[in-house]
């Protein structure tokens, strides 16, 4: 499992262990893995950017989880090129090691309109990984609702700190956020998904479709706060992302590409994934309530 110290990787490792899988982690820092609370049967230190440690990490592996992105840090300005190089290096090493399946978590794609930098990069990574192993599975999700989800925490911080929400033109676009618990179930099921359902991408989404403005309102309701909104007829993402990142205390290298992806509807192409993977989906409100409760155990949520 790459991304061993990240939100998804740290939570997925014990979930896979409960199913009886032996899980090997791959990370740059053992300290960051421990800080995330992740526990693995084996931990290999290395770097996907240089390929260091990948041979050892993938040796004898049946299923490899690819949970890496590069929208922060030194590679943030050219993250698409860096993500493509990392994925291609990983794919070549996995193929040489005889890995039968790579499981990847990417992003929902717009059904019309051009791809943002973020989503175009996710698609390029997906294509490289699907081509590397015969039974690979790519999952495409929109906003993940969870206490350690950077996207969700970003929204909570904006709602906490802005008395009035100035919402750009993309506020009317629609998506289907998904509970982080459901994402983990999809990923866990991907390890043993029948071969007839693998070798392809699956759109995964929660059962509730909503506009981005509605999503913010429903999160504010769960936080028991009132936040009037001002609708704008323009976007100005380069400027808005800098301001929003500063307000929320986030990295603009992460926020700007994510905000670019809001300029089209991000909805699943079909709703067949839940049945195929055997996942029972949580509704939006319970997902938000659970995420806020868990977030309050980690840090203060001032608006509550």
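The values are calculated or read from the model by the stated rules, or taken from the named source; none is laboratory data. Being a predicted model, the structure only gives us computed values, none of them experimental. Note that we place each Cβ from the backbone using ideal geometry, even for glycine, and neighbour counts take in every protein chain shown.
What the table below lists for this structure:
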read-out	value
2 or more residues in contact (Cβ under 8 Å) with a residue 12 or more places away in the chain, closer than 23 Å to residue 121 by Cα and within 20 Å of the chain's Cα centre (by Cα): qualifying strands (runs of 3 or more DSSP E) within the range 1-93	24-27, 63-66
Selection status of residue 273, closer than 20 Å to residue 185 by Cα and touching a helix residue (DSSP H, G or I) at 6+ places or on another chain (Cβ under 8 Å)	yes
Yes/no for residue 106 being in a strand (DSSP E or B) and within 18 Å of residue 187 (Cβ to Cβ)	yes
Total residues in the range 14-46, condition out of contact with any strand residue (DSSP E or B) (no Cβ under 6 Å at 6 or more places or on another chain), buried (at least 19 other Cβ atoms within 10 Å of the Cβ) and farther than 16 Å from residue 149 by Cα	3
Per-region count, the range 47-71, residues surrounded by 15 or more Cβ atoms within 10 Å (Cβ to Cβ) and on the phi < 0 side of the Ramachandran plot	16
Test for residue 205: is it outside any loop (DSSP other than H, G, I, E, B) and closer than 30 Å to residue 61 by Cα	no
Filter result for residue 197 (surrounded by fewer than 20 Cβ atoms within 10 Å (Cβ to Cβ) and either modelled with pLDDT of 95 or more or under 21 Å from the mean Cα position of the chain (by Cα) (or both))	yes
Any hit, the range 147-162, residues being part of a strand (DSSP E or B) and in contact with a strand residue (DSSP E or B) (Cβ under 7 Å, 6 or more places away or on another chain)	no
Looking only at the range 208-231, and only at residues there that are in a loop (DSSP other than H, G, I, E, B) and more than 20 Å from the chain's Cα centre (by Cα), the one that is farthest from residue 291 (Cα to Cα)	228
